[in-house]
Structures are given as structure tokens and as C-alpha cells.
Amino acid sequence: MKNFTVKLTYVISLVTLTLFLVGFTWTLQNQFFSEKTTNVVVKEEMVKKDQNDQNKTIVALGDSLTRGTGDIEGKGYIGYLVEELEDKTNEKITLQNLGVKGYRSEQLVNQLQQTGVKEQLKNADLILITIGGNDLFQSGQTIMDLNLENIDRLREQYLKNLGKIIVDLRVLNKEATIFFVGLYNPFIDLNDAALMTKAVRHWNFETSELLDKHPQTVFVPTFDLFQLKVNDYLYTDKFHPNTKGYKLIAERVSSLITW
Amino acid sequence: MINLVHNEMLKIVRRKKLVYVALIIAVLVSLFTYAQFKEIERRIERVGSIDWRTTLQQQIIDTQNRLTSSGISEEWKGQLSLRIQQQQYYLDHNVNPMEPGAPTFTRTFAENSITLFLPLMVMVIAADLVSSERSAGTIKLLLTRPVKRWKILLSKYVALILSVSIIIFMYGFLSYMISGIVFGYQGWSAPILTGFTSEAGELITSSAQMIPQWQYLFMEFSLVWFVAVIVGTITFMLSVLIRSTPVGMGVMLAALISGAILSNMVSSWETAKYFFMINLDLTAYLAGNAPPIEGMTLGFSLVVLTISGLVAILISFIVFIKQDVY
């Protein structure tokens, strides 16, 4: 018995040793001396539509508001919105949150070119967008030196990008309703807020006008939500909403959704 | 010579060392299989989809969000952005990097254990090869035989290489068999991308190639084997140099663990790349992950490891032949 075990050990060890030596030589050959030709081919698409149509798929695009920055629970308005919708319907809701903190409109344009993102948007029943906050406020730069000409320039650029975003979305998905969450003025209780308020209102107005040109596309205002007692609804950074603020936005969006 | 090797193998087999190593591996594989199973369950619940594209896309988004947070270092940022680019490449080419199945599990498990767990298993065999003969006093019996000293040491070394090969084989075999119970045994021919390189934080895909998973596994395990042989050789040297087996093991363990820790923080200390323990993660090159220090390549690491191994052998033989035994 002992002898057998030893013999078996020999056989296995010698075989595996040879195998590893061959493998090692081959690896060296493959990694260092093989022809550097690109032989990566795109595999055939075999994406199947969502398994069952009972489920509702929500795809959320945008910036930190979509991510939920400032919310202690980390859910953001999307999270609370889904919770409310789940109470309302029996359907299973699947959420895909593609928001990235700090995104500006041109980055969203680029994101929409990605294959994976496109696939998800094709299957979406509902598309939610928050974008533009970083275009306008430029992480606080705009408020530091208020200048209407500058804001006009930013807005033109943003509207161009937004137009492209909506067109791209509609190419991918003709049926899904798009909800676009508008901007609020986080600086409304500062001394010279009038100018900023005007800029934000103008920004929102132009945005909703652009969205009006597309069917099934809804502009959701949030300006009024943060108009009074803005500090009750803002996170300590005085820019992002806090949990309460996010819940307000979620309530508003959820009241608009009909399947 | 063959008799001498046979003698050494007998010692290893009789002490059931290989059996213990197999048991440890089996227990660990079971644990990780279960953990992975739970993880997948949770992911399905969270993302609500079993489609890997959705999961991968979500991972990309999550990483992008981590990139924007201010608290992370530049090096880490570079690695993250490299990972995003690679995942995007997988997505663009419609290749699932984590095709479910036992081969994929075996692959990732080997990637994760090449720097610490497998070297540890090799140490179980190598650490007392010479020093135990010393502490038990049997070395005198061995050396009084009419055989040259270098032959005795060589026979021990050959036995070590044979055992290392068995360990690596057992490792692959056990993780395949055990994880297959849960994940299924399929997936040998799933495509895997390899040959990525990076330059200044940009992923270079010009030399990327798509190979079936079995080829990738073959390459990966031969690299794992190479690392195991080098670690075994260095442990072997310590076993010659240091009388006490626990101390020898302690030294080697300290080296390995410091390597694992240093890899995470030395990116600014460039000369650290000449340490053998920084260079153990050979499979990372195959997968195209960013190396711990900019400028390290597979070739570089192989050279460092080979030199470390050769030096270790040289020292072992010189010391063993010259030293007084009493």
C-alpha cells in the first residue's frame, strides 16, 4: 500500500512537472515571441430581450443627484422613487443607476456611446435624467464671479449637448418615457441671489422648451421645492440635497409616473 | 542518485505532508466556493438581472464614481481607470470576463492565491527539508554515507520540485472539482482576453488576443508553478541556513507578507521592484492588471525571480558543502 502511494506520487509528480515545463515554455513563447497580431473579434451579438415583460426597468442617467450624493442612506431620489413605486404597483422594478458624480452634459453624451449603456437603454421602460448642475455651477466657479455672458455661453453649450442626448436616447428607445429633473438654486438664500435665480430659471426654461420638441419627454421642475427653507433640504455642502430634499424630488417624480 | 531522490520522496510521503496540504486546499476551496455563491446570489438580488453585461456595466459605473471621490491617491486612480478601460473593452467585444463555471473559479482563485496562499503551501514542504534533519540529528547518518554532499542536497531539491508540481496540480484539480459542484464544470472554451499592456494610465489593446479559457488556465498555472518553484527554492535555502524550522518559516513568512503589503504602497519607491516578493504576482500580467510599480513587466519579474532562485540555490549548495556538521 505504502509502496503504491509512493509510486503514484512519482507518476503524478513527473507528469505534472513535464506539463508545467511545457506550459511555461509555451507561455514564454506566447507572451514574448508570438506575432503581435490583433486577433480579437467581436463576438456575435446574442442579447436577449428582458426575460419577462412583467418587470419594469428604470435606467437612471446623470450626475451626483442620480448617485445620491448628500443622502445619508446613499439612495438618492432614485432610491426613494423606486421605494414609492414599489408600494404603488405589484410589478417588479429593476433599477439601473448609471449616474456618475460630477458628470457634465458632454460626459453624458460620451457615456451614451458605450455599447453596454446602449443595451440597457434599449430595454428601459423609463429613463430618468439629472444633468446640467455641473455645467451651470462649475463646482462653485460660476457663483464666485457672476457674469451673465459667461452663463449664456455655458447654457448654449449645454443645450447643444442635451439636444444630442435626447436624440440619441430616442434612436435607442422610442417608447420609454423620459423624465428630466430640472435644476434648483442652492444659493437662493445668499445675499445677491437674484441674479443666480434668474440664471437658473432661464436655464430651466430653455431646457423644458428643448424637451417639448420630443414626444414622451417630461421636464420635472424642482426649483419651487427648494425655494423656501432651502437650508432644510440641503446637505452640509450647501449644494446637494439631503435626505429630505431627495425625498421631495422623489415624491414629485413618482406622482408623474404612470405605467 | 535516483535512490537518494526516492529516499527523500519516501520521507515526504510517509509524513503525509502532501495529504495535509490537500486537506487545507480542499477546505479553503469549499469556503471560497460558498462565499462566491452567496456573492452571486446577492448581486442578482441587487441588480435584478443575471445578464453579465448589466453587472459589468454597473461595475464600470461604480468604479467611475469612486474615481471622482477626492480621497484616493493618484496611483490608485490610475489603476482604477485602467480597470474601467479594460472592462469597457470586454463589454465592447461582448466577452464575459466571468463566464460562470468551475474553470473561471479556478482561474480567479489561482490569481488571488499566487502571492500568499500557494507559497504558504509550498513552505509546508520546503521549510524543514534540511533543518529537520539537523534538529533530529539524522543529518549525521545521511552524511556518513559514501555519497557526495552535493548529491544529497540535490536529491532533496529534486524531491522538492516534484512535490511542488504535485501541489500545484492538486490545487487546480481540487478547486475545479469542488467548485464545479456549485457552478458546473463547463466553460473550458469560454474566450478570455489577454495581452493588455498599459502606458501612463492608458490601456493599450493593440497586442490583445482572445484565447479559449483552457489555454489561459494552462499558461496561468505554469506561471503559478514557476512562482511556487522559486518560493520553494528560497525556503529551501533558509532551511539550509537556519537550524530551526520555525525560525526559517517565520523569516519566509515575513518576506511574503511584507511583499503583499508593500505591493500596495510602494508605487513611489521604485527600487523596491528588485525584491523577489514584489514580483510574485505573475498572473496579473496575464490578466493585464496594473503592476505595483510603474514599468514592471512580465519579463522583468521573471528575470528577478529567476535570479533570486539561482542565487538561493548557489548559496544553499555552497553553505551545505562547506559547513561543519556537529
Largest fluctuation, A:GLN29, A:GLN114, A:GLN96 only, Gaussian network model of chain A with Cα springs under 10 angstrom, belongs to A:GLN29
Here the membrane-span-like helices of chain B, with no claim about any membrane, defined by DSSP H, Cα axial extent at least 20 Å and mean Kyte-Doolittle at least 1.0, are B:149-183, B:213-241, B:245-263, B:298-322
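Could you tell me what percent of the accessible area of the range B:16-125 is made up of carbon and sulfur, with a 1.4 Å probe and every protein chain present?
Values: 3010 of 4950 Å².
Ligands and nucleic acids excluded, carbon and sulfur give 61 percent.
Per residue, how much accessible area does the range B:260-326 show when a 1.4 Å probe rolls over the protein heavy atoms, in square angstrom?
Working: 3390 Å² over 67 residues.
On a per-residue basis, the range B:260-326 sits at 51 Å².
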Any idea of the total accessible area buried by the A-B contact, 1.4 Å probe, rounded to 100 Å²? 4600 Å²
In terms of modelled amide H atoms, which long-range or inter-chain residues lie less than 5 Å from the amide H of B:ILE192? B:ILE211, B:GLN213
Compute the separation of the alpha-carbon centres of the range A:171-240 and the range A:111-157 and state it in Å as a whole number. 12 Å
In the range B:203-245, which residues become less accessible by 50 Å² or more once every protein chain is in place, relative to the chain on its own, using a 1.4 Å probe? B:GLN209, B:MET210, B:PHE218, B:MET219, B:SER222, B:TRP225
State the percentage of accessible surface on chain A attributable to carbon and sulfur atoms; use a 1.4 Å probe and exclude ligands, DNA and RNA. 55 percent
Under unit Cβ charges (Lys, Arg +1; Asp, Glu -1), what dipole magnitude, rounded to 20 debye, does the protein assembly as shown have relative to its Cα centre? 3200 debye
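Mind checking A:107-117 for the average number of partner chain beta-carbons within 10 Å of each residue's beta-carbon? Each step should come with its number before you reach the end.
Values: counts 1, 0, 0, 0, 3, 0, 0, 5, 7, 14, 5.
Across the residues of A:107-117, the mean count of other-chain Cβ atoms within 10 Å is 3.
Determine the dipole magnitude for chain A: charges of +1 sit on the beta-carbon of Lys and Arg, -1 on that of Asp and Glu, nothing else is charged, the reference point is the Cα centre, and the result goes in debye to the nearest 20. Don't jump to the answer; show the numbers that get you there.
Details: 29 positive and 32 negative charges, 207 e Å.
The calculation lands at about 1000 debye.
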In this structure, among B:LYS140/B:LYS273; A:LYS75/A:LYS238; A:LYS101/A:LYS160; B:LYS16/B:LYS140; A:LYS122/A:LYS160, pairs with alpha-carbon gaps over 29 Å are B:LYS140/B:LYS273
Given the options B:VAL231, B:VAL122, B:VAL13, which has the most mean-square fluctuation in a GNM of chain B, springs set between C-alpha atoms less than 10 angstrom apart? B:VAL13
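Enumerate the helices in chain A for which the Kyte-Doolittle hydropathy averages 1.0 or more and the C-alpha atoms extend at least 24 Å along the helix's axis, using complete DSSP H runs. Don't skip to the end; give the middle numbers.
On the way: long enough: A:2-28 (38 Å, 1.24); A:148-172 (36 Å, -0.11); A:193-212 (28 Å, -0.15).
The qualifying helices are A:2-28.
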Leaving out ligands, DNA and RNA but keeping every protein chain, what accessible area does A:LYS118 have, in Å² rounded to the nearest 10, with a 1.4 Å probe? 70 Å²
Mean shadow area of the range B:113-164, taken as a quarter of the surface of its Cα convex hull (nm²): 4.0 nm²
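Largest first, how would B:ARG149, B:ARG53, B:ARG83 line up by accessible area (1.4 Å probe)? Don't skip to the end; give the middle numbers.
On the way: B:ARG149 70, B:ARG53 20, B:ARG83 95 Å².
Result, largest first: B:ARG83, B:ARG149, B:ARG53.
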Rounded if a/c is under 1.5, else prolate if a/b beats b/c, else oblate: with a ≥ b ≥ c from the C-alpha gyration tensor eigenvalues square-rooted, which is the protein assembly as shown? prolate
What figure in square angstrom, to the nearest 10, would you give for the accessible area of A:ASP192 with a 1.4 Å probe? 110 Å²
B:MET177 and B:GLU74 label points (each 7 Å along its Cα→Cβ direction) are spaced in nm at 5.1 nm
Probe 1.4 Å, all protein chains in place: accessible area of B:GLU270 in Å², nearest 10? 110 Å²
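Where a ≥ b ≥ c are the square roots of the eigenvalues of the C-alpha gyration tensor, would you call the range A:173-213 rounded, which needs a/c under 1.5, or, failing that, prolate if a/b is larger than b/c, or oblate?
On the way: a/c = 7.54, a/b = 2.62, b/c = 2.88.
It comes out oblate by the Cα gyration axes.
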Does the range A:56-256 classify as rounded, prolate or oblate by the C-alpha gyration tensor (a ≥ b ≥ c root eigenvalues; a/c under 1.5 gives rounded; else a/b over b/c gives prolate, otherwise oblate)? oblate
Ordered by number, the residues of the range B:28-71 that have at least 50 Å² less accessible area in the complete protein assembly than on their own chain alone (1.4 Å probe) are B:ARG53, B:GLN57, B:GLN58, B:ILE61, B:GLN64, B:ASN65
Please identify, among B:MET219, B:MET277, B:MET123, the residue showing maximal mean-square fluctuation in a Gaussian network model of chain B using a 10 angstrom Cα cutoff. B:MET219
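The values are calculated or read from the model by the stated rules, or taken from the named source; none is laboratory data. Here the structure is a predicted model, which means the values were calculated and not measured. Neighbour counts are summed over all protein chains in view; Cβ atoms, including those assigned to glycine, are modelled from backbone coordinates with ideal geometry. Heavy atoms of the whole protein, side chains included, go into the accessibility calculation; ligands, DNA and RNA do not. Shrake-Rupley method; radii C 1.70, N 1.55, O 1.52, S 1.80 Å.
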